[in-house]
Amino acid sequence: MTSAALSPSKSTIEWCAKLIAHPSVSMTPNMALIDEVKAFLEELGYETLVVRDESNTKANLYASIGPAVDGGVILSGHSDVVPTEGQNWASDPYTVDIRDDKLYGRGSCDMKGFLACLLAKAHAFKNADLRVPIHLAFTYDEEVGCLGVPSLVEAINNLPNKPAMCIVGEPTEMKVITQHKGKYSARAHFTGRSGHSSLPGEGVNAVEFASEFVVFLRKLGRKCRDHGPHDNDFVPNHTTFHTGVIKGGTQLNIIPQNCFVDFEFRNLPNDDRDALKAQIFDYLDTTLIPEMRETYDDVGVEIEVISDMPGLATGDDEEVTKLVMALTGANTTGKVSFGTEAGVFSALGDIPTVVCGPGNIEQAHKPDEFIEMDQLGRCELFLDKLIGVLAK
Ligand SMILES: [Zn+2]
């Protein structure tokens, strides 16, 4: 499928520059970016919906054009980027720089390049005589656990018209990705009771109970590895468990009162997430916490969910899969190991979703992040073809 390199339009490059100039790092405000995009789209006649977070400093934007009917396509991307601290960049990360047919800047690949293509095509979407609507979605805080998109999908669920499908433009080099793993991550806070270390029986050792929990998670991971389910299209080919941080105790001669454990599992999309979570909670509720409470009942474990991202498993026979394959000329679909918002659209919104966007995930999150100009050109071509299919 290799052919002559394509060039993006001037408008796409301009939008890359505008979007990248907003340092919309996850967890920081993205309103300036959202306001700019909203004003531009409203001017063109798009219907917009803004779904704000509680702090009123971040928002998702949903902008629709075309007839107000069921069906149509959501084209979605996140507006946040990862930080640049500690990274050595050859050029200013928030100023677009084009060198050797590559467009550099934080978010160029992940995923403001895709958003720029959408905005460059906003006139064309509007001017097409669409049979069904096109919805543009701009979300926040994807990079820190898909925190923004659930409220957007909920809002979409409450709209009178239901979109037929969604394409999330994460960098896949315009390949059609129909499956990715899910992820659940949380912090388990262990509260014990302190005392002198010479009398361990008088206290409740939070570090020791937390350690038992870590070992339990490790056993769950081993069980998944050895007994499956397995899917050899994923590396590793099973659901995984992992503990990343454990912190507790103050000094050796004190029974530690507090300890926390940051853990996650990444499940195959067809593995039962609820059952995996239930195993963890059952263990805490029926084994560990009762043991901690043998003497005192003001001790225990609290789970603070960090992120809860469903996996993606869209069938090859879904309309969205067939459409995106036809538009890209792909004859296969793929699976990736990174999570995206596609799982949320699919699971929470019941909207069949695939991932397909410009750029290579290899370049994401790194210093000197870039997107090849050819990839932007290909994405524009894809959007032009999409218009052709959705127009009367
Ligand atoms: Zn991304």
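The table below gives the values:
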quantity	calculated
Flag if GLU294 is assigned by TED's automatic domain parsing to the domain that holds VAL204 and not in a loop (DSSP other than H, G, I, E, B)	no
Strands (runs of 3 or more DSSP E) completely within segment 100-176 that count 1 or more residues being among the charged types (D, E, K, R) and farther than 30 Å from ARG187 by Cβ	102-104
The lone exception for ASP316 - which of (1) within 26 Å of PHE190 (Cα to Cα); (2) surrounded by fewer than 18 Cβ atoms within 10 Å (Cβ to Cβ) it fails	(1)
Residue satisfying all of: in segment 111-142; charged (D, E, K, R) and crowded, with 20+ Cβ neighbours inside 10 Å; farthest from the ligand (Cβ to nearest atom) among these	LYS121
Inter-residue pairs, beta-carbon under 7 Å, first assigned by TED's automatic domain parsing to the domain that holds PRO163 and within 12 Å of MET309 (Cα to Cα) and in segment 124-151, second within 16 Å of the ligand (Cβ to nearest atom) and assigned to a helix (DSSP H, G or I), 6+ apart	GLU142/VAL149; CYS146/VAL344; VAL149/VAL344; PRO150/VAL344
Test: ASP350 is within 25 Å of VAL389 (Cα to Cα), among the charged types (D, E, K, R) and in the same structural domain as ASN157 (by TED's automatic domain parsing)	yes
Cβ-Cβ under 7 Å pairs, at least 6 apart or on other chains, segment 70-92 side part of a loop (DSSP other than H, G, I, E, B), far side at pLDDT 95 or above and among the hydroxyl-bearing types (Ser, Thr, Tyr)	SER79/SER24; SER79/THR139; SER79/TYR140; ASP80/SER24; ASP80/SER26; ASP80/TYR140; VAL82/SER26; SER91/TYR104
Flag if THR239 is under 23 Å from the mean Cα position of the chain (by Cα) and over 26 Å from ALA342 (Cβ atoms)	no
Which listed residue, of GLU202, GLU173, GLU212, is charged (D, E, K, R) and within 16 Å of the ligand (Cβ to nearest atom)	GLU173
Matching option when the condition is assigned to a loop (DSSP other than H, G, I, E, B), of a type outside the set (Ser, Thr, Tyr) and surrounded by fewer than 22 Cβ atoms within 10 Å (Cβ to Cβ), among PRO256, PRO229	PRO229
Qualifying position, being out of contact with any Cys (no Cβ under 9 Å at 6 or more places or on another chain), hydrophobic (A, V, I, L, M, F, W, C) and under 30 Å from ASN88 (Cα atoms), among ILE387, ILE371, ILE306, ILE361	ILE306
Qualifying residue in segment 342-350 (condition: in contact with a Phe, Trp or Tyr (Cβ under 8 Å, 6 or more places away or on another chain) and touching a residue at least 40 places away in the same chain (Cβ under 8 Å))	no
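The values are calculated or read from the model by the stated rules, or taken from the named source; none is laboratory data. Being a predicted model, the structure only gives us computed values, none of them experimental. Note: ideal-geometry Cβ built from the backbone for every residue, glycine included; neighbour counts use all protein chains shown.
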